[in-house]
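**Q** Take a look at the following structure, please.
The values are calculated or read from the model by the stated rules, or taken from the named source; none is laboratory data. Being a predicted model, the structure only gives us computed values, none of them experimental. Reconstructed Cβ throughout: ideal geometry from the backbone, glycine too, with neighbour counts over all protein chains shown.
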Amino acid sequence: MRERIFSLKIDTSVARKWRLKERSYLKTFKYGGMTGILGAVCCAFGMLGGIGFVISALATLPLILATLMSITTGVFSYFITFILLCVLQPSEAYVYLLTQGILGLGMGIGFQVFKKSISTILFSGFFLFLGILFILGVTKFTVLGPDVGTNLSWNISAMILLFSIVYSAIWVVGVTTFLNKFSNFNLTK
């Protein structure tokens, strides 16, 4: 197991089992709505602090699962989560849109498009990197805390890129482990 993680030879083919066999608007709305609600509820737990931050970080998982079903379902879930967060916790809505949400959408697309996990890691990590840069550079929101502020230098940008890739790698390993564990569970029937 240790060799597989460090060599990044993770079997991502199990992700293809989650694809919807038949495309219909009803299934897109059903699964997109369910995962959107679950993502919004997880993300809203962040206001509790402590364990709420851990649960809030899990808001990426429902979006990844929705995007594995189909990219359309993932995009629908992405916007449903954002709309619900605008009502439940408006301060978290835009941060979700450009961090957890963009990571989940990028990772789900990466699982569908790429065959190698390293490609999925780099693809979704780059999405997260761009989202964080947008928040810091354009909206001037101090998402990384007051120490970093909104002043972007090459060093800070490189550290954000490295963080984004490592965080994405952790998610790819976690999601593939989750999917392997629940590979017999088929939500899309």
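**Q** Before we move on, is residue 60 of a type in the set (S, T, N, Q), buried (at least 24 other Cβ atoms within 10 Å of the Cβ) and closer than 18 Å to residue 164 by Cβ?
**A** Here the answer is yes, as residue 60 does meet what is asked.
**Q** All but one of (1) modelled with pLDDT under 90; (2) over 12 Å from the mean Cα position of the chain (by Cα); (3) closer than 15 Å to residue 105 by Cβ hold for residue 53; state the number of the condition that does not hold.
**A** (3)
**Q** Here's a follow-up. Would you mind stating whether residue 121 is among the β-branched types (Val, Ile, Thr), out of contact with any Lys or Arg (no Cβ under 7 Å at 6 or more places or on another chain) and within 19 Å of residue 170 (Cα to Cα)?
**A** yes
**Q** Yes or no: residue 115 out of contact with any helix residue (DSSP H, G or I) (no Cβ under 7 Å at 6 or more places or on another chain) and outside any helix (DSSP H, G or I)?
**A** In short, yes.
**Q** Residue 80 is checked against (1) under 18 Å from residue 135 (Cβ atoms); (2) buried (at least 18 other Cβ atoms within 10 Å of the Cβ); (3) at pLDDT 90 or above and fails just one. What number does that condition carry?
**A** (1)
**Q** Taking residue 105, is it under 20 Å from residue 179 (Cβ atoms) and of a type outside the set (Gly, Ala, Ser)?
**A** yes
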